[in-house]
Amino acid sequence: MSLPASSQASSRSRRSFLKSAAAGSASVALVGPLILGAEDRTGKSDAIVGSGEHTYRCHHFWGNDSLPAGHDYGNASHGVTIDAEGLIYITHTGRPDSVYVFDPDGRFIRSMAGFHAVKNRNRAMTTASGHGIDLRDEGGEQFLYLAAANSDMSFAKVSLNGELVWQRSRDEIFEQAGLAGDEAPRFRPTNVSFRPDGGYYLGDGYGSFYLFEYDANDEFVRTIGGPGSENGRFATPHGQWLDDRDGTPKLVVADRANKRLQWFDMDGNHVRTQDGFLFPADIDSRGEWLLVPDLHARVTILNGDNEPVVHLGDDEAWRESVLADNFKMRTTPERWRTGRFVHPHDACFDADGNIFVTEWVRGGRVTKLEKV
């Protein structure tokens, strides 16, 4: 059934968000989290992480056995999204193309280019620049929105088969935002998120540190943020998400290098800040739960009051080894341990409450956290 335009944005996306308990409006620090992880284990056996409602079996390297010859994740597996049929889309920097598609059982379905070079740029580019990805149902048809984290590639909307609907270059985006000119900042967008009115945001997390807002007619509306450490500004706004768990839609941003989350109302005004994270990379929600993959070796789940209830896979000594020697651990998979994360870069719930985690590691790694 087709939905009216005002409902398209909230109809269906890779992450189902349901209304639940209200989040506070004051700036709040993370206090008293339950830190859980599996016992130290090696080998092929699966580990159990978490407890109670948040107990999961780790299936590391999920889907790898079905990758065809000549397919790899390259320097990283970056983003993950799930369509209405349960197919899982993983962005990466390997070959071929930049998006792999799997069925819910981890069987490889296809690869697709998705990401598009900007034709008026000079340098030769490949399509292996997969980074941010999210999905929305629009009147009964699903589309992917892609952010390449590469200034020579476009912000693009494509069909589930990778057919291009539209693309925007850095020059076009900066011209609309009033940032063009000799002193224009860097442009390396990292992620996309949606508004309940059909609009959407592009986060320039590695570039200008602005979020660019567009309406349901693809028209530029405003910028949000910019570089800084004060409330309302960012240092690497790496991911963002629509948080309507308390019934009032808000934009929540993973302000990664400032080690915090920030919430904004639908007019772009700062609402609240929550500190206490390590290096938050993106956000998802399901019911009352807010999911935050943290690049510093853990995945956090917060409740409807934005209190952390569990840090999955967390271990201080392990984290120190992960961050040592300029992140050397990410390139040495023989040192990785079952039930531990290295660099969670994105994560999302599926319809059954399982969690898929992609990691910024050489060769890539996708972990399915199967709810038990």
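The values are calculated or read from the model by the stated rules, or taken from the named source; none is laboratory data. This structure is a prediction, so every number in the text was calculated from the model and none was measured. Note that we place each Cβ from the backbone using ideal geometry, even for glycine, and neighbour counts take in every protein chain shown. Quick note on the areas: whole protein, heavy atoms, side chains included, nothing else; ligands and nucleic acids left out. Shrake-Rupley method; radii C 1.70, N 1.55, O 1.52, S 1.80 Å.
What the table shows:
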| item | result |
| --- | --- |
| Output for the range 288-334, where each listed residue is touching a helix residue (DSSP H, G or I) at 6+ places or on another chain (Cβ under 9 Å), closer than 21 Å to Tyr56 by Cβ and of a type in the set (A, V, I, L, M) | Leu295, Ala297, Val322 |
| Failed criterion for Gly239 (all others in (1) free of Cβ contacts under 8 Å to residues at least 60 places away in the same chain; (2) part of a strand (DSSP E or B); (3) within 22 Å of Asp346 (Cβ to Cβ) hold) | (1) |
| Residue in the range 349-357 that is open to solvent by 50 Å² or more (accessible area, probe 1.4 Å), within 23 Å of Ile82 (Cα to Cα) and not aliphatic (A, V, I, L, M) present | yes |
| Condition check for Val309: under 14 Å from the mean Cα position of the chain (by Cα) and of a type in the set (Val, Ile, Thr) | no |
| Every residue from the range 115-151 that is polar (S, T, N, Q) and at pLDDT 95 or above | Gln142 |
| Strands (runs of 3 or more DSSP E) wholly inside the range 50-113 containing at least 1 residues that are open to solvent by 10 Å² or more (accessible area, probe 1.4 Å) and of a type in the set (D, E, K, R) | 54-59, 108-112 |
| The range 261-276 residues that are closer than 17 Å to Leu290 by Cβ and modelled with pLDDT of 95 or more, paired with ones that are part of a strand (DSSP E or B) and among the basic types (Lys, Arg) (beta carbon under 7 Å, 6 or more apart) | Trp263/Lys250; Trp263/Arg272; Phe264/Lys250; Val271/Lys250; Thr273/Arg260; Gln274/Arg260; Asp275/Arg260 |
| Residue pairs meeting the criteria (Cβ under 7 Å; at least 6 apart or on separate chains; first farther than 29 Å from Gly94 by Cα, in the range 52-67; second of a type in the set (A, V, I, L, M)) | His54/Ile301; His54/Val309; His54/Val310; Thr55/Ile48; Thr55/Val372 |
| Those residues of the range 223-241 which are touching a strand residue (DSSP E or B) at 6+ places or on another chain (Cβ under 6 Å), on the phi < 0 side of the Ramachandran plot and not β-branched (Val, Ile, Thr), in sequence order | Asn231, Arg233, Phe234, Pro237, His238, Gly239, Gln240, Trp241 |
| Residue match in the range 156-166 (condition: among the polar types (S, T, N, Q) and within 27 Å of Val101 (Cβ to Cβ)) | yes |
